[in-house]
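Comments concern the structure below.
What follows draws every value from the coordinates through simple rules; no lab data is involved. Everything numeric here is computed off the predicted structure, so don't read it as measured data. Neighbour counts run over all protein chains shown; Cβ positions are idealised from the backbone, glycine included.
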Amino acid sequence: MPREAEPSANEKAFLLKALQDEQIRLDGREFDQYRPLELTFGDEYGVANVSLGKTKILAKASAEVTVPFADRPLDGIFTIATELSPMAAPHFEVNRPTETEVLLSRLLEKTVRRSGALDTESLCLVAGQKCWSVRVDVHVLSHDGNLTDAACFAVVAALRHFRKPDTSMENGVLTVYTPAEREPVPLGWLHSPFCVTWSFFGDEGETALLDADWMEEQVRVASVTISLNRHGEICQIAKLGGVPVEAVALLQCTSVALTKVKEFSTYLDGKLAEDAKRRDKGGFMAELRAENDRIVG
Amino acid sequence: MASSQHVLLSPAELAYLHASLSLTPPIRPDGRSPTQFRPLVAETGILPGTNGSARICFADGTEAIVGVKAEVERTRTRHDFPSLDESAEDDDDLDDNQNDVVKGDNDWVEMTVEIPGYRDDDAGTVFLSAMLSEALLADGEFTKRLWINQRFHWKLYLDILLISPPLSYPLPLLSLTTHLALLAARLPRLKSEGDEDPLFDDDWAAAPYLYPRPSEKGSKATAPAPAARPPVTLLVMAVGNNIIFDPSKEELAVADVALAVSVGESSSSTTSTTSSKPTAMDIDTEETKGHNLRLLSVRTIDPPSRLTPPGIPNASNSAYGANAGAKDTEKKKQQQEQARTAESEAVEGVWKAPRGGAKTLVMATMVQKVLEKGGVADEVLDALDGVDLN
Amino acid sequence: MADRRRINGPVGTTNPPIYDDAPEKQSEGVKVARSRPANVIRRMYLKTGVTPSASGSAYLEIESSGNGGSGLKLSCSVHGPRALPRSTPFSPHIILSTHVKFAPFATKQRRGYIRDPIERDLGTHLETALRGSIIADRWPKSGVDIIISIVEGEQDRETSKAQGIEAWDTMNALSGCITVASAALADAGIDCVDTVAGGVAALVQDAGDDAAPSIVVDPIPSEHEKVLAACCIAYLPTRQEVTNLWFKGDLPASDMDVYTQLIEKGIQASKSANRVLVDCLNETVG
Amino acid sequence: MPLDTSAYSLALLRVDGRRWNELRRIHAQIRTQAAADGSSYLEMGHTKVMCVVNGPSEPGPRRGATSGGGSGGGQSKNAEVAVNIVIAGFSSVDRKRRGRGDKHILELQSTISQALAASLHTHLFPHSTINISLHVLSQDGSLLAALINAATLACVDAGIPMTDYVAACTAGSTSTYAANDEGADPLLDMNHQEEQELPGLTVATLGDSDRVAVLVCESRVQVSRLEGMLAVGVDGCKQVREILDRVVREKGIKMIQEGTVERGVGLNDMELD
């Protein structure tokens, strides 16, 4: 098993000294500044490509009809699958979840699934017999720190962009329509949570940074991931151990996180609207119109 | 494998231990007699959230907790031949309700063993749990206790936790704890009748024990007949011809053979029903007053002694001049010859991991020592009787 | 644990069709009773060197009961002795690792690809049986893998799982595993003190309630009304030693004689199997 | 949400009769097991946990435990804190079996490991492992808090040097996330029923300070509620710390009185009162 390469002692010392004595980050960002966040959608519905600096994440949503769990007959199934492959960093192995992967998938689970962002009841087709199983696969293409925030953004973007096939129920017969028959419909979406991760440095965690890159993550002494939506609702907070941090500092982190989440939210809304405009050619009816371009042979 | 963890004893220590255990009578490192058990602390009913629970702490600090939990489960009707089942039994049902057959199924009991630091699909853990459940289910009587009516049964979950790190082979500890937990287990009293959906009495005090007590006031038993009890599994080992019970980790490290013997005790009433087979010996059992023991299972445990490092006899130890001046090929050949005999033949005072199996006679004696009247199983069961069950 | 490495079938269940005539046949109660004498084991076929890529291998087949059921077919391959991975701590002995796996199609109930507790349990028994026979200190710092696949587990088509005889079948499987692994070890040229072979004996109750229980070797559970107790023994004939003993059943403690007889019969069965084993090995050498 | 907690607004009493700032009964014991280097048993209400600590010792083969602190599997300059949690099948009302690969358990393990690694002086034991094994016998809310407290006690018993106690407790709020009422009260130490219905968080602080080692919130709650909950939680941690400290002192005094430990062997500053 290849071990994660550790930064050298000099690199660590340099980073810390710059941070604490000069108040400068290695890449020159402000302490509460994110790296440039970019989002592109794929040709298909439900594919979101997110890059945060050198961290790149692809999320793909898909849906299929299955049998609901016996103990929750009225709910659909919603799963988030995260896999860190050797593509992202050499120390990740397939089929052997590292701690990073477990924590990442738990965070996504708590942020998106348990906060009820997706209305799972709307996924039910026939109670106890048929339901949609919505699945988001998160692929980390490149790992340069702060996987959590990027992955969470990608998952939310992919789900909000996704359209599932339309269905109808007549006389007990369930019909699933192809995209050609009926325009696919978006998922029942309730709110959009985003993760904001603070990293702490110094003996008492007195320096707090947003969006730490890989190098900074190696040196940090603690971190807290706060998930919020733009209505100011906390969906999840996780400070899983590490050096203790003043409670007041955590409260400040939360309020800064709220402004960041509002920025994310606006950015995503804008991107979705842009993409919808690009796709909107008037729908199926427009295609049938005679004004369409004809291929003149 | 849990029995063969590393024993940190030198070959010299092993040889000494083996020698002292081979004496007649054997001298054990802690001065016990061959059949003597280590002292233990036991309590039951420690977890009010369970149907029955027990905790045992051995003198060496190993500790186990067992919780029994029961849930009502719908009995699956067999899909084998439904048409036959229904047509044949539907009309029977009406008049046969009183004496319908109480049947059990081994799936009604689920046992899990947790050993800290070991995965639950580790070979050793699986072996332990197979051994414990094998003994419990061997006579087919146990699952019948879980029968409620034709449509429902209790599903019994037995969770066996070893709290301490596995210092010695945990089998006897886990088995004794399970025994006590099952003895202390109670199921709510059934209020409904026949095959209707089961309804239970809320009064926990009225709940009957899974294994009914023999001499409770108000019970119809005229004589204090020995009641059925859950099985106990005992660890027995042999060094030479000496048979030693409840071996500690160090003793097990020099064992020639180790056996796990499961012994159950059935009440005389159930014996008479199960052993309608006229075995000649059964006639005596009916008469006896003591424990009505039954042999349920025997398994060989791979003794960790096979993995111990061997000592090197002086003859082949170069530090003692064994190889000095061995230059010509003649001598070398001789040396090899010597080495070979050294490898196969025991040298007094030099430890060698046991090879091969055990003589049948020794094995038979081991089992007999457990089972004989006034033997170790009798003693253990008597001692467990002394544990206060609340 | 979910099997994530393979594509699994769709969720949800379907009941298999049940044909009406099947129960008729069952209700007639046609049961093939045991035709062999009580102390004779079934015929078996053993061949070594079946897997060229392994250092040693063997194949064992035990004829079917003639009850429309299947026999036992086992294949064993031995890899090693070979160096242990560098991370393993020093061991003065060879480290055995045994894997017993039923093929998914070996029994009536489909077995998954991940080993279940029964298979792991069989592996432990096998390890105990073999470790007694191997001269382990001739290969310090090395390991050997013994892999057995049960290609066909013996099972009668007519008997259902409900009869609870599966537990006895595993004993027969274990005895086959021991014999075939012993042959494969010999084929691999790993030094043993003796060839170990497995044998099963059972205390059975035949049809008719008043018949006294009798002891038979190499029992086929479906041939008998009820199996009261059984034991599987791994025996080294020249040293007259037992390396593994597995007894299971329900015997009154006063019945020590029956227990002893059962063990003796088990040894007898093991000796018979050993004869086949030795013949097979002689054939290969000669 | 089957239960109605509106009763609280009437009498200001919670379902189990406590006021908003009351802890449940905490009962703890240390040195419960002879075989281990350190051990403890802790009850917070009906949540019952046992902890066994072994080490610092030579790192053995790694088996399923989640580790923190030293990254190099015991090869680093700091001791590795390996935590292993077993949640007994009988611990909850409805039996629910969790496998060892369960992500929730792995998360708990990692949290406890990293929380303790920051408080224990792991740099004193390079190339070694501290094995913490936790058993959950009964669950009634505040599980993570109980686990952290039990682990702290067991580490004290094992005599591993540490900065201070890591004490944990839970805090909640009477408002659900939807209701935006300002009159919502914070609650201290939630039981299982309250955890099911109300938003809450788990806080662990280091010793007497306001410094938060662990903060885990898994439910949806208005951001304005956070401050109140956090304040109550931190205050609760201080109370818990007092209780833990008392347990340790009482045990220490008893051991000196029984003559198990000689007074003065590294215990000079202990007051026998």
Legend entry - Distance violations [Cα-Cα > 21 Å] among A:110/D:238; B:69/D:48; B:359/C:47; C:47/C:73; B:69/B:144; B:155/D:96: A:110/D:238; B:359/C:47
Legend entry - Average partner coverage of A:254-260, which counts Cβ from other chains inside 10 Å: 1
Legend entry - Taking region D:13-258 and dividing mean pair separation by its residue count, relative contact order in percent (alpha carbons under 8 Å, at least six apart): 20 percent
Inset, instruction - Could you list A:31, B:245, B:127, C:90 in order of exposure, starting from the residue whose Cβ has the fewest other Cβ atoms within 10 Å? - result: C:90, A:31, B:245, B:127
Legend entry - Charge context of residue B:210, other residues only, Cβ under 10 angstrom, K/R +1, D/E -1: +2
Inset, instruction - Treat the count of other C-beta atoms within 10 Å as a stand-in for reagent exposure and order A:239, D:96 from fewest to most. - result: D:96, A:239
Legend entry - Cβ-Cβ FRET estimate between residue A:273 and residue A:207, R0 fixed at 45 Å, reported to 0.05: 0.75
Inset, instruction - Equivalent ellipsoid semi-axes for region C:37-285, as square roots of 5 times the alpha carbon gyration tensor eigenvalues: give them largest first, rounded to whole Å. - result: 31, 20, 17
Legend entry - Cβ-derived FRET efficiency at R0 22 Å, residue B:41 paired with residue B:213, nearest 0.05: 0.45
Legend entry - region D:111-148-region B:125-175 distance, computed between alpha-carbon centres (Å): 31 Å
Legend entry - region B:36-60 and region B:365-388: distance between their alpha carbon centers, rounded to Å: 18 Å
Inset, instruction - Let me have the relative contact order for chain A, percent, based on Cα pairs under 8 Å that are six or more residues apart. - result: 18 percent
Legend entry - region A:1-58, relative contact order in percent, only Cα pairs under 8 angstrom and at least six apart counted: 17 percent
Legend entry - C-alpha long axis of helix A:99-108 to longest principal axis of chain A, angle in °: 50 degrees
Inset, instruction - May I have the convex hull volume per residue, in Å³, for the Cα set of region D:13-258? - result: 130 Å³
Legend entry - Alpha carbon centroid spacing (whole Å) that separates region A:20-46 from region D:204-254: 34 Å
Legend entry - Total charge dipole magnitude, region C:37-285, about the Cα centre, Cβ charges on Lys, Arg, Asp, Glu only, Debye to nearest 20: 1100 debye
Legend entry - Taking B:366, C:171 and counting other C-beta atoms within 10 Å, the order from fewest to most: B:366, C:171
